[in-house]
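Below is one structure, written out as structure tokens, with a few remarks after it.
Read-outs: derived from the displayed coordinates by stated rules, not from any lab. Values in this document were obtained by computation on a predicted structure and should not be read as measured data. No Cβ is skipped: glycine too gets one built from the backbone with ideal geometry, and neighbour counts run over all protein chains shown.
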Amino acid sequence: MNNERLRIPSRLEKGQLWKLENGYLYIVELGKRLIHYKLLRQPNQKAVVTRLIGVQELLTYLKHTEASLVGEEPVLTPSLPLPVKPHRVGECQFC
């Protein structure tokens, strides 16, 4: 087997989406020893049961199934605040 394909990062992060041979694995929450994850058929699927597994077991599973990370950044990114328009004295603050 090619070692390049089996390279799984040792650092898992919240929001990562992994491509498996029969679907996707989405990391919901990450603790010291346990991970909450969802198995998805489609990457944008919503109503899915959240499951729990140990970190080492998940790493072994990802390595065994030859999973690949979809994108390098986490799927959930914080939204940026809307820019605030400064108002001048004597102007309507809603215009």
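Here is how the numbers come out for the structure above:
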quantity: Order by protection proxy (mean Cβ within 10 Å, highest first), peptides 61-71, 42-52, 16-26; calculated: 16-26, 61-71, 42-52
quantity: Normalised convex hull volume, region 17-69, alpha-carbon set, Å³ per residue; calculated: 67
